[in-house]
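Notes follow once the structure below has been shown.
Here, each number is a calculation from the coordinates, and none is a lab measurement. Treat the numbers as computed from the prediction; the structure is a model and nothing was measured. Every residue, glycine among them, receives a Cβ derived from its backbone with ideal geometry; neighbour counts consider all protein chains shown.
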Amino acid sequence: MMESYWQGAAGVLIACLLAISLGKQGKDAGLLLALAVCSMVGLLAMSYLKPVIDFLQRLADVSNLQSDMLQILLKAVGIGLVGEFATLICVDAGNGAMGKAVQLLTSAAILWLSLPLLTQLLELLEDVLG
């Protein structure tokens with residue numbers, strides 16, 4: 001598994017060098033290269049998430065965690081990853097302001113999605129504290 005990480009990192013570095021040389025000739029080609037590389041790295045990152053998802057499923061089975069709560073957690077992670085990807089694309093395209101807007105939207109979406117978890121936590125605290 002670590003071998004694929006090193007291969008991916010090396011591929012990104014090579015693509016960065018290529019993007020720098022393409023950037024002198026045309027920004028569009030460099031941006032397309034960046035999109036392609038980011039997409040491939042995203043797919044590679046998904047292979048690292050499979051064992052994490054399996055672990056969370058096992059944790060849910062052992063702890064009698066409701067599957068709804070596990071789904072919320074996985075959705076939050078997915079939203080965070082997609083938001084980070086979109087932010088990087090915006091920044092790479094030269095529009096950092098849009099990237100910051102995506103970060104804000106991502107944070108708000110994760111907070112909204114987390115409300116059921118936070119509500120259960122509040123109920124647990126109320127039960128414990130009496």
For Cα extents along the principal axes in Å, with candidates (i) 43, 39, 24; (ii) 53, 29, 21; (iii) 68, 36, 19, the value calculated from the shown model is option (iii)
When only Cα pairs under 8 Å and 6 or more residues apart are kept, what is the percent relative contact order across the chain? 18 percent
Could you work out how far the C-alpha centroid of segment 57-97 sits from that of segment 1-56, in angstrom? 19 Å
Kindly express, to the nearest 10 degrees and within the range 0 to 90, the angle between helix 67-92's C-alpha long axis and the longest C-alpha principal axis of the chain. 20 degrees
In debye to the nearest 20, the charge dipole size for the chain, taken about the Cα centre with +1 at each Lys and Arg Cβ and -1 at each Asp and Glu Cβ, equals 600 debye
Pop the C-beta distance of L125 and D61 into the FRET formula with R0 = 41 Å and round what comes out to the nearest 0.05. 0.95
